[in-house]
Structure formats: structure tokens, C-alpha cells
Amino acid sequence: MELLVAVVVGLVVVGLVLGVVLSRRRPAPGRTPPTPGRGGVATGDRQTAATTAPPRTPGPGLAGRIRSAFGSAVQDPWSELEGLLIGADVGPSTSARIVGDVRARYGQGEDPSALVGEEIRSILGASSSLELPTEGLGVVLVVGVNGSGKTTTIGKLAARLSSQGKRVSIANSDTFRAAASEQLGVWAERAGAHLVRQERGADPGAVAFDAVQAARARGSDVLIVDTAGRLHTKQPLMEELKKVRRVIEKAVGRSPDETLLVLDATTGQNGIAQALAFTEAVEVTGVALTKLDGTAKGGVVLAVRDRLGVPVKVVGTGESVGDLEPFDSEAFAARLLGG
Ligand code: GDP
């Protein structure tokens, strides 16, 4: 009898163990076991990834998250709102300003995201584009730190203007970086633009002066002047930029029609600090915000407008020649806010 009980208990234990092991090996309902080399971008098989991966459900946009923050039992929705804005790269001071303004206007039961939307639209203002003269030579001075995308943006801009039937000259006033000069040459050729450059180490002001004369002599409609972008903290760079600007003023008889600051959107608030230094030195009239196609959250556009007091005029959305878009503030606000 005791032997029989022991055998039965033994069989039950073995059965239980087997059951657990088998259930672990069987895939859960609805889950496909991983197949080597399938279904992920990491395998490098983009085609497979695109066709087999389930469509990603987009998370709620900023507006949705703001509504949730106010709808739930969150203790302090205002600091929650500030956190959401900072998380979207709007930057601490502009975020605080938006929260303050919305808080002052907010009435119980109102949709806070609609008020935030109004603030965002008011900070951005109307879209503004590059303003170049319709007659004579227009001059665009381009400044920004190295690596921000100056050369690429100049190339894209030159190509865009050329495609509109304009004759474009480019001046390489960054006489220090040999590689950048070569790269500018490649872009100029691609855009069908005429490149003015001098030997390495030449005086940047002299290059700009010669470029104005050369562009005039060729009957160019637009001259785009590239400049050096060594670290903004070094005073001589700002002095050099001021000088290039003065030389252009002298040669053309007026300020450059546009002084475009190229700003890398992925540098976030750090970029804003750099930008303030450039704005002070050379009276920036517009920002070209690059690399908005990457991980950058668009909120930095608001910080730029609010802190620098200058509009974003063009946006870089990739490394190819066509990846330059005019900045549309209404479309931008809608995209930032989401649903
Ligand atoms: P510069 O040193 O300011 O002249 O910068 P470059 O024009 O050489 O650009 C630096 C890097 O940023 C290069 O690898 C460019 O291809 C890249 N880049 C420039 N603009 C964009 C953009 O809008 N999107 C992306 N993804 N990359 C960009």
C-alpha cells in the first residue's frame, strides 16, 4: 500500500514538472517565436522589417499628454505641464513663460492644451522666409559653429535658388578649414554655383570683398558667404565675423540682406547659448535649423524664437540636396502639439 502511494505521488510530481517545462517551451498565444535574421532593423534587412513589423502606434502628441496631466489626479498639473514642455526641448525659460501665461488665463474646465497651442502660435508668429532683393545682388551671410551644418545648408540653399533660375555665387570666407573648402566646392558644383575662394589662411574679409566684386562681374543674383565657425567662446572668431560683415556692408553699400545662423537642433539648449553669442555679434536675421529629421524634438524652435528674437526661416531635414524646407509656423505648431 505504501509503495502504491509513493508511486502515485511520484507520477504526479513528474507530471507537474513536465507540464511546467512544456508550457515554457510553447510560444504564448499570439506570439511568434523569433526566427534568425527576421523582423528587425538591427539585422539590416530593411525590407523585411518594413513589411513584417506591426505598425507602430504613435504615442499621444503633446496636446494629448497635457490633457491627461490635467484630467487625472495629478497633484500639480502646472509643474507636470512644465516638465512636458521641457521634455519636448522647449527649454526651461520658454517653458516657464508658457506655463505662467497659460496659468494666468486658465479657467476651470477649459482645455489647457488649446491654451498652450495659442501660446505656441503666438511665440512663433507668422512664417517668414528669406528676403532677397528682386533686383541686383542679394547677399546672404551664413554663420554658425563648425559641425552645425553650415556647408550642407549653403549647398542646399544654392541648389534651391539655382532651381528657381537664380545665378548663385558662393564665397568661402572660412579660409582655415581645407576640408570644408573642398566640401563647399563639391556642393557648389552640384548646385551649378560659382565658388570664390582664396588660398588657405587668406584674410576672410578680403575673400568676402573679392567675392562681392566677382559676383557682380558675373551678374549673379545671390552671393552666399560662408564663414568660420571655430568655438564661439574665442573672441577672435566673433571679431572676424564682425569684420566680414563690415566688409560686405562697405562693398555692397548696405547690410547683408540676410544673416543666417545655422543651428543644429540636436544640440538643444546648448545651441541656444551659442546662438545668443552669434546674434549679439552679427545681427542675425534668421535661423536655419538643421537636423530636425533626427532625434531632435521640435520644441527648440520655440526657444530659438523666444530667446533669440529671430524667426526660424528654413529647416534642414536630411543630408540630401532637397532636404531644406521653408519654415511653416502653423504646420509646425500642429505637428508639435499632435492630437
Ligand atoms: P559645418 O561644419 O557647419 O559646415 O557642417 P556640415 O555641413 O559639414 O555638416 C556636418 C554634418 O551634419 C554632416 O555630416 C552633414 O551631412 C550633417 N547635416 C547637415 N545638415 C543636416 C540635416 O539637416 N540633417 C541631417 N540628418 N544631417 C545634416
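Mind listing whichever residues of region 209-230 are in contact (Cβ under 8 Å) with a residue 60 or more places away in the chain and within 16 Å of residue 139 (Cβ to Cβ)?
Across region 209-230, the qualifying residues are 212, 215, 216, 220, 221, 222, 223, 224, 225, 226, 227.
State which residue pairs qualify: first residue more than 12 Å from residue 202 (Cβ to Cβ) and inside region 174-185, second residue in a helix (DSSP H, G or I) and among the hydroxyl-bearing types (Ser, Thr, Tyr) in any location, beta carbons under 6 Å apart, and separation of 6 or more residues or different chains.
Hits for this filter: 180/151; 183/151; 184/151.
Out of (1) within 13 Å of the ligand (Cβ to nearest atom); (2) over 25 Å from residue 312 (Cβ atoms); (3) part of a helix (DSSP H, G or I); (4) not aliphatic (A, V, I, L, M), the odd one out for residue 210 is which?
All conditions are met except number (1).
Regarding residue 215, is this residue within 25 Å of the chain's Cα centre (by Cα) and under 30 Å from residue 317 (Cα atoms)? Don't jump to the end; show me each part of the working.
Working: within 25 Å of the chain's Cα centre (by Cα): no; under 30 Å from residue 317 (Cα atoms): yes.
No; evaluated as a whole, the condition is false for this residue.
I need the full set of residues from region 252-285 which are away from the ligand (no atom under 16 Å from the Cβ), touching a strand residue (DSSP E or B) at 6+ places or on another chain (Cβ under 7 Å) and farther than 13 Å from residue 238 by Cβ, in order please.
Scanning region 252-285 gives 252, 256, 257, 258, 285.
Quick one: residue 275 ticks every box in (1) in contact with a Leu (Cβ under 6 Å, 6 or more places away or on another chain); (2) touching a residue at least 60 places away in the same chain (Cβ under 8 Å); (3) crowded, with 23+ Cβ neighbours inside 10 Å except a single one, so which number is it?
(2)
Just so you know, all these numbers are worked out from the coordinates, no wet-lab data involved. This is a predicted model, so every value here is computed, not measured. Note that each Cβ is placed from the backbone with ideal geometry, even for glycine, and that neighbours are counted across all protein chains shown.
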